[in-house]
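Undergrad: Would you mind keeping the following structure in view while I ask a few things?
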Amino acid sequence: MGTIDNRWRHGPTRRQALLALAGMLAGSPLLRAQRDPHPITGHKRVPGLDEMMTAFDFEPICFANVVLARYEYMARASESEFTLRRNREAFEWVDLVERPGAATAALQTSTEVLGIKMDFPIMIAPTAAQRDLHPDAESAMYQGASAAKTPMIVVGRSTIPIEKIAQAATGPRWSQFYPVQDLKISRETIETFQAAGARALVVTVDQQTDTGYERDLHNRNLGGTPRGASGGRGGGAPEQGRGGRGGGSAAPAPMQGPALYRVIPARLWYTWKYLDDIRAFTKIPILLKGILTAEDAKLCVERGFDGVIVSNHGGRSMDYGPSTLEVLPEIVDAVGGKIPVLIDGGFRRGSDIVKAMALGASAVCLGRAPRWGLGAFGPQGVQRLLEILQAEFLEAMARTGRTTLAALDRRAVRVNFT
Amino acid sequence: MSNLKVSRREALGSVAGLIAGPGLSGVEGPGLSAVEGPGLSGVEGPGLSAVEGPSLARGQVAKGTPPPRRPPRDELVNALEFEDVAKLMLPAAVYSTIAGSDRAAFDRITFRPRMLVPTLDLDLSVDLFGEKHLAPILVGPVAEQRQYHAEGELATVRGASAAKTGVIVSSRSSVPIAEIAAQAKTPLWYSVYAADASARKQVDQAIAAGCKVVCVTVGASLDAGRATSKVPADWKAVDRIRQGLDLPIVIKGVMTPEDANAAIAQGARGIVVSNHGGVVAGRAPLEVLASIVDLVGAKITVLVDGSFRRGTDILKALVFGAQAVLLARPVMWGLAAYGAEGVQSVIELLQTTLGRNFGMIGAPNLKSLNRAMVKVHAERKT
Ligand SMILES: Cc1cc2nc3c(=O)[nH]c(=O)nc-3n(C[C@H](O)[C@H](O)[C@H](O)COP(=O)(O)O)c2cc1C
């Protein structure tokens with residue numbers, strides 16, 4: 001990076017002079033033997049924030065900034081990662097039907113979901129362990145999101161206390177919640193979120209047990225921690241990020257049920273009844289996140305919940321589950337407009353979001369993409385990334401010739417799911 | 001990455017090379033490779049690229065590359081990774097007898113997982129011919145196992161017993177059935193080829209050694225004890241083997257409704273839907289399973305084999321109505337790689353991922369599975 005030259009130009013300190021000398025010596029054959037046998041070569045220059053053109057541009061920079069095992073934790077997914085790949089593939093099975101007649105300036109993209117007004121149907125999905133990406137973690141994400149006028153779903157087990165995150169910015173905010181069997185603890189947690197200003201509660205109902213992120217398991221050998229590996233062979237514990245507030249059952253289980261198969265019992269106890277119980281003391285709307293079938297979506301409506309998020313946890317729940325985009329139509333049809341249907345999973349471009357809106361989504365949540373922004377450039381990165389997606393959304397919507405979200409219907413896309 | 005156990009610095013070094021080159025995010029970003037998402041390698045799962053590459057005879061080291069490292073057993077996280085280690089351990093000709101998988105049929109089936117179904121009382125057990133099995137998994141018959149590991153079938157049954165799993169012993173075993181049976185703590189079945197002239201004699205020895213079920217493989221022509229091509233099932237030969245036996249008979253190699261009906265007519269209590277590990281081209285066993293279950297599933301026990309490598313693969317067969325799945329090559333990979341302990345690891349990994357996916361799909365046991373839990377996708381033309 002030419003750093004040695006620059007230092008001389010500004011007048012060397014004793015330390016810098018020594019460093020420069022060391023640099024010269026490093027070229028000698030004597031010292032070569034001591035050198036890193038695998039130097040980082042090739043790409044020398046790190047692009048700046050103003051050079052980011054698409055969401056994808058942020059990922060390599062985030063990658064370079066983040067501890068490898070923690071990058072892998074974010075990027076990877078369950079088992080074969082079939083579902084992780086399928087989430088992205090599904091966008092190739094849906095084409096926008098182009099139609100002239102809409103200028104980007106004339107587009108109406110604002111919407112309202114459960115009382116929250118937003119300029120674009122875009123939100124931040126709840127993701128654990130944001131400390132991996134930036135020292136200000138969820139607070140920095142919230143600042144970036146608010147600067148881009150994007151509502152954020154704050155992860156339940158945030159690495160910064162929710163009260164502190166709440167002070168970092170002013171944009172609309174929901175809180176995510178992983179059920180814990182103890183109703184008293186559930187109530188205390190939910191009341192904390194409400195008191196901190198959460199305007200809805202997102203209850204995650206998928207990822208019922210160990211996730212089996214195979215790369216994470218390998219990373220035991222790269223200094224990563226296997227998350228609750230069972231007997232060194234089973235798999236990682238369900239997502240907790242770091243410093244989770246409990247939740248998984250810690251007591252040694254007798255040899256029956258899941259333990260017979262080295263399966264972590266974790267959240268295998270989930271029931272609809274539990275959700276009815278927490279609804280009794282929850283004062284804000286409740287959305288269920290992780291719904292993938294029309295049958296479950298219908299149950300959400302019948303049992304009086306306020307919204308669903310079609311999600312496979314970014315490929316991190318059941319391997320060989322469907323992509324979210326391909327099941328969106330059946331869920332939208334099952335819900336019949338009675339409650340909002342949000343979706344996440346693999347959204348990286350404005351056109352991806354337009355496709356989901358055309359298939360009937362109420363809004364789209366972004367998981368990994370804003371994490372790339374945060375890891376690459378902090379809150380400014382989050383803001384810039386969201387603005388790029390907003391601009392892309394306008395362009396893609398204009399191509400469909402629709403000027404309002406209401407007009408963006410299924411005829412705006414050609415669907416080739418099998 | 002050039003090796004599984006790399007230092008962080010090495011990992012960063014090699015990964016940095018990838019950044020400079022093909023990039024991370026895949027198809028879409030400018031100048032990025034065809035690798036989607038985080039798939040740095042493009043290989044399914046994390047992969048053990050370490051032990052891929054030119055296949056080496058034992059003790060031979062390719063010029064210019066560092067000697068391959070055999071990772072400690074518990075570094076491996078899925079059954080497929082055992083294949084890489086097996087390849088490392090075996091001469092190429094031996095490895096070729098257990099190489100590969102056909103994954104296409106599995107990739108055309110996705111799940112429809114149901115949420116909020118409690119599965120804390122998870123129970124994968126299944127009853128087969130009066131015997132309770134911990135999980136719907138059996139080790140399938142494989143001939144001549146000493147070529148994969150010095151202890152051969154003895155290590156296989158020890159590993160399978162440790163994993164509480166039954167084994168189908170091949171009549172072409174490299175260790176006498178009585179010695180194998182002496183090591184087994186789980187039910188043994190015995191497998192003969194209908195085409196084999198000495199089949200009935202072998203069956204009598206196996207019964208004497210305590211085998212509980214006789215599995216007769218039909219429709220395969222033999223070469224050195226291995227199926228090499230598909231031939232019409234020889235029901236007369238089955239009938240000769242069956243005479244006077246009071247053990248349950250299972251016919252292995254059924255791929256059509258006609259053969260399933262014929263097996264019933266022969267008095268079989270079960271069938272294994274199988275194409276002899278892909279020797280026969282055409283539809284995969286998983287693809288014909290549902291129609292065969294519909295036809296005969298109420299009358300006899302339907303088992304299946306063919307490229308089952310993951311817990312989700314097994315779950316798909318169970319959803320279609322199979323009672324259990326046979327694993328052959330993956331168990332041999334475990335055997336070749338680590339002996340009895342490798343066999344145990346492979347089976348336990350599959351039990352665990354199967355159990356985990358019962359939790360994910362919302363089914364506490366085999367009875368709660370139904371076909372609305374999967375979606376079969378048409379082949380995509382590209
Ligand atoms: C690193 C990471 C951590 C996550 N943690 C949580 C979590 O704690 N709770 C939750 O409901 N979802 C969690 N998710 C899932 C996201 O909310 C979202 O469903 C998913 O990331 C969307 O897919 P995408 O990453 O492809 O956009 C996490 C996802 C990632 C990538």
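Undergrad: Quick check: the distance between the Cα centres of segment A:43-64 and segment A:141-203, to the nearest angstrom?
TA: One Cα centre to the other: 29 Å.
Undergrad: Where both partners of a DSSP beta bridge lie in segment B:73-376, what percent of those bridges are antiparallel, to the nearest 5?
TA: Taking every DSSP beta bridge within segment B:73-376, about 25 percent pair in antiparallel fashion.
Undergrad: Hey, another quick one. Which order do the peptides B:295-304, A:138-147 come out in when sorted by mean C-beta neighbours inside 10 angstrom, highest first?
TA: Result, highest mean Cβ count within 10 Å first: A:138-147, B:295-304.
Undergrad: Could I ask something else about it? Buried accessible area between B and A (1.4 Å probe, both chains summed, ligands and nucleic acids excluded), in Å² to the nearest 100? Mind showing how you got there, number by number?
TA: Values: alone 18030 and 19940 Å², together 31000 Å².
Between B and A, the summed buried area is about 7000 Å².
Undergrad: Moving on. With the solvent-accessible surface defined on protein heavy atoms using a 1.4 Å probe, which residues belonging to segment B:295-331 display a reduction of at least 50 Å² in accessible area in the multichain context relative to the isolated chain?
TA: The answer is B:ARG310.
Undergrad: Given contacts defined as C-alpha pairs under 8 Å and at least six residues apart, what's the relative contact order of segment A:288-399, whole-number percent?
TA: Working: 184 pairs, mean separation 24.6, N = 112.
Rounded, it is 22 percent for segment A:288-399.
Undergrad: In debye to the nearest 20, how big a dipole does segment B:238-302 give about its Cα centre with +1 on each Lys and Arg Cβ and -1 on each Asp and Glu Cβ? It would help to have the intermediate numbers written out before the result.
TA: Working: 6 positive and 6 negative charges, 31 e Å.
Roughly 140 debye for segment B:238-302.
Undergrad: Label segment A:83-230 by shape, choosing from rounded, prolate and oblate, from the square roots a ≥ b ≥ c of the eigenvalues of the Cα gyration tensor; if a/c is under 1.5 it is rounded, and otherwise prolate applies when a/b is larger than b/c, oblate when it is not. Don't skip to the answer; put the middle values down first.
TA: Numbers: a/c = 1.90, a/b = 1.25, b/c = 1.52.
Since a/c reaches 1.5 but b/c is at least a/b, the shape of segment A:83-230 is classed as oblate.
Undergrad: Could you work out, residue by residue across B:70-77, how many beta carbons of other chains sit within 10 Å of that residue's beta carbon, and then give the average as an integer?
TA: Values: counts 0, 2, 2, 2, 6, 6, 4, 15.
So the per-residue partner count for this stretch is 5.
Undergrad: Can you tell me the relative contact order of segment B:237-382? Whole percent, Cα pairs under 8 Å, sequence separation 6 or more.
TA: Numbers: 192 pairs, mean separation 24.5, N = 146.
In percent, rounded to a whole number, it is 17.
Undergrad: List the relative contact order of segment B:73-376 as a percent without decimals, with contacts defined as Cα pairs under 8 Å and 6+ residues apart. If you can, show how the numbers build up before the last one.
TA: Values: 610 pairs, mean separation 79.8, N = 304.
26 percent.
Undergrad: Separate question: Taking beta carbons within 10 Å but only from partner chains, what does the mean come to for residues A:317-327?
TA: Working: counts 3, 12, 10, 16, 8, 6, 1, 0, 0, 3, 3.
Taking all residues of A:317-327 together, the mean is 6.
Undergrad: When ligands, DNA and RNA are left out and all protein chains stay put, how many square angstrom of accessible area per residue does segment B:73-376 have with a 1.4 Å probe? Each step should come with its number before you reach the end.
TA: On the way: 10120 Å² over 304 residues.
Dividing the accessible area of segment B:73-376 by its residue count gives 33 Å².
Undergrad: Where a ≥ b ≥ c are the square roots of the eigenvalues of the C-alpha gyration tensor, would you call segment A:45-88 rounded, which needs a/c under 1.5, or, failing that, prolate if a/b is larger than b/c, or oblate?
TA: Numbers: a/c = 4.56, a/b = 1.65, b/c = 2.77.
Verdict is oblate for segment A:45-88.
The values are calculated or read from the model by the stated rules, or taken from the named source; none is laboratory data. Remember, predicted model here, so these are calculated numbers, not experimental data. Using ideal geometry, Cβ is built from the backbone for each residue, glycine included, and neighbour counts are taken over all protein chains shown. Only protein heavy atoms, including side chains, enter the accessible area calculation; ligands, DNA and RNA are left aside. Shrake-Rupley method; radii C 1.70, N 1.55, O 1.52, S 1.80 Å.
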